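First the structure, in the form of structure tokens, and then the observations on it.
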Amino acid sequence: MKIGTNKIPNYIVNVLTVFLLFTFTSLNKITWGRYAFLGITAIIFVISASTYCGGVKFSVQPFHIFLFAFAVYCGISSFWAVNPAMSISDFKTICSILICYSVIYAHYQKENSINVLFDIIKYSGLAVALYTICFYGLDDMIISASDENLRLGNSFANVNNIGVVMAFTIIMIFKNFITKRNYKELLLMAPCIVVIAATQSRKAMISATFGIFLMLIVINEKNKNFYKRFFKFFCVIAIFVFCIYAISKFSAFVGMSERLQSMLDAFNGDKGADSSSLKRLNMIRYGINSFKQHPFFGIGIKNTYIITRRYWGVNTYLHNNYVELLAGGGIFGFTIYYSIYVYLIYNVIKYKNVDRENFGVFTVLLIIMLVLDYGIVTYYSKLQYFYFMIMFLHIDLVKKRVECFSEDTKNPQSGI
């Protein structure tokens, strides 16, 4: 039972959640920023508990089971890991994510819609964009975008991570635009595009454009007119290709265009490939070789730095989530983590007719996330698990809606 009005407490929780996501990217390197995760979650718990009689009620859902299973595997892998402390470190990280997100999950579980969480992603991303512009300065960012060799440095966060956040923000803005037909929403893309250009993140550029492209396709998916859908499909492809070509010609995107060309050269084996692309391809190759030598359990979660140190003399990850998990966790660790995607994809498709709009959004997000996993390591990312949490929460709410409808159908007189 609710006590009075919950609008103000819920608004405060929403603002706190926006700030929480903002800290993941912008304040992660600051000592107090790392502890903000626990602090903000504690405040949300207190507000949520005081808003509803009986406090916060927790129930074990698939979200908790999947995260707990993967956290346990991270911890167990320390028994055979070359450096057990690294596996234990990820075990603690996933456990802290599970504990904190359980509080947030329980709060938003009381709502009948997860749309506010989409807005939270959007506003937190815009906050990161404005913070980035203020931090580096607009003039320096424009200069950085104009030359591949003048790319922004990783001053307060990894520039690729910043770019990916911008890509998801653009997708959320475009989602609001096409569902609400509010053209003012498109203006919000401007700071995000500026940041992507300055970071020269190929992942972000591809994710944003491909995400918008997919969103248009999914929206037209329910159109039963085959020839109309067929025509729209190729029109969207043509627009997508033209946009990529047009953007690459702007001077502000010269650096991005050069990096994209270097990436394509690496895949084609051309000499024009940049060292970064070639190094990442070699990381995949050596990671796969390590997996072949330890196929079942890997060399231990978060122990793949041993591979990069052997060949490049640096301690880093393999820049590919699939290979990182295969080499570090073996087929068992890989399966436990990616079973999350299997569950989400199955249920999103299963209940697509219950909520068509969110079906489209989640389809795009899942595809983009799986594509991004080829170029970044995400299995310990707080933002990654936040996206997971929204999808699990959506499935939970949809299941309850279906169950209520079934009960009403079986007992039509129960409401009288």
State whether one or more residues within the range 266-280 are within 20 Å of Phe332 (Cα to Cα) and either at pLDDT below 95 or not basic (Lys, Arg) (or both). no
Could you list, in sequence order, all residues of the range 195-235 that are at pLDDT below 75, of a type in the set (Lys, Arg) and part of a helix (DSSP H, G or I)? Lys222, Lys228, Arg229, Lys232
Say whether the condition of being at pLDDT below 85 and of a type in the set (Asp, Glu) is met by at least one residue in the range 307-324. no
From (1) surrounded by 15 or more Cβ atoms within 10 Å (Cβ to Cβ); (2) under 29 Å from Ile44 (Cα atoms); (3) modelled with pLDDT under 95; (4) among the small types (Gly, Ala, Ser), pick out the condition that doesn't hold for Ser113. (1)
Just to be sure before I move on: is Phe91 at pLDDT 95 or above and surrounded by fewer than 16 Cβ atoms within 10 Å (Cβ to Cβ) in the structure I sent? no
Those residues that are over 22 Å from Gly375 (Cα atoms), surrounded by fewer than 19 Cβ atoms within 10 Å (Cβ to Cβ) and not polar (S, T, N, Q), I need them from the range 182-215; list them, please. Tyr183, Lys184, Glu185, Leu186, Leu187, Ala190
Restricting attention to the range 346-368, which residues are surrounded by fewer than 21 Cβ atoms within 10 Å (Cβ to Cβ) and of a type in the set (A, V, I, L, M)? Ile349, Val354, Leu366, Ile367
Unmet criterion (only one of (1) surrounded by fewer than 18 Cβ atoms within 10 Å (Cβ to Cβ); (2) more than 22 Å from the chain's Cα centre (by Cα)) for Asn158: (2)
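The values are calculated or read from the model by the stated rules, or taken from the named source; none is laboratory data. Keep in mind that what you see is a predicted model, and the values were worked out from it rather than measured. Please note: Cβ atoms are built from the backbone with ideal geometry, for glycine as well, and neighbour counts cover all protein chains shown.
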